[in-house]
Amino acid sequence: MKYNININQIVLSQTRLDIIDGAILDYLYYLCSSRNKRVEEKRKNGYTWVNFNYLMEEMPMLGIKSKSRISERIRKIAKEGFLRTMRDGNKFYVELTEKIDEVFVKTNDLSPPSQFTIPTVRQNERSTPSSVRQNEHNHNTNNHYIKKNVNVVKKLANLSDTERGQLEYHLEKINDQRNVKAWLEVVGQIGFQTVINILIDVSQSMDAKNKGACAMGLAKKAGYKKFFRPNKDRL
């Protein structure tokens, strides 16, 4: 059963879709993002097969007991441009469009702007004593840990808004969204798609009690190595 449902009310309220449509769209996004072998084997030309019976079992709060009603809802979502549909015999397939990013990505852009301004580098330099600046220079030059972190930051900067949104979405699925910074380091080492595959596999597991710890364990097996963080005496 799908325990969590994510509905972007701000975006969907500007369409003709209702809460039930939003819940179905969330399920389809989750399904189409899956890298489960059983799901991938049944894909055709990028389209993902939708098992209506399974959808109704996974989403009991929809209150829908008819395949035809599910089909009507999905076509309604398609008319809003969030996905495309295809039929092959008795099977029904969907493919997400780029418009889906409006629902599951860039949610942080909707927050009100901060009332505080970020000081410039030159302003920071003026307000920082020269002795402190010299210590910072020596620290950044000689400390190997800092050099490693700089390289990771450069890798993370290459994440697109879509990739960042997908990462946060799948972290929420395993209730580990608070550790997004740690996962950004993981992405910097083993790659974005590897991390997404791990998060999807863990989210679909019924055995893992602490899915965040389980996912991090799999990331380490895939090559992630947590950076050594020196204590103050070594800095």
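Just so you know, all these numbers are worked out from the coordinates, no wet-lab data involved. The shown structure was predicted, so the numbers you read here are calculated from the model rather than taken from an experiment. In this analysis, Cβ positions are derived from the backbone assuming ideal geometry, glycine residues included, and neighbour counts consider all displayed protein chains.
So what's the net charge close to Trp183: Lys and Arg +1, Asp and Glu -1, counting the other residues with Cβ under 11 Å from its Cβ? Please report the intermediate quantities before stating the final value.
On the way: positive: Arg164, Arg178, Lys181; negative: Glu168, Asp176, Glu185.
Value of the local net charge: 0.
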Aspartates and glutamates near Lys181 by alpha-carbon distance under 13 Å, same-chain residues fewer than 8 away left out - which ones?
Glu168
Proximal aspartates and glutamates relative to Lys99, as straight alpha-carbon distance under 15 Å, when same-chain residues fewer than 8 apart are discounted
Asp26, Glu80, Asp161, Glu163
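Using 1/(1 + (r/R0)^6) with R0 = 22 angstrom and r between the beta carbons of Asp18 and Glu57, what's the FRET efficiency to the nearest 0.05?
Details: r = 21 Å, r/R0 = 0.97.
Taking R0 as 22 Å, the efficiency between Asp18 and Glu57 is 0.55.
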For labels at Asp201 and Arg87 in the simple 7 Å Cα→Cβ model, what's the distance in nm?
3.8 nm
How long, wide and thick is the range 9-101, going by the Cα atoms along their three principal axes, in whole angstroms, largest first?
35, 30, 23
Simple label model, 7 Å out from Cα along Cβ direction - Ala222 to Arg178, nm:
2.3 nm
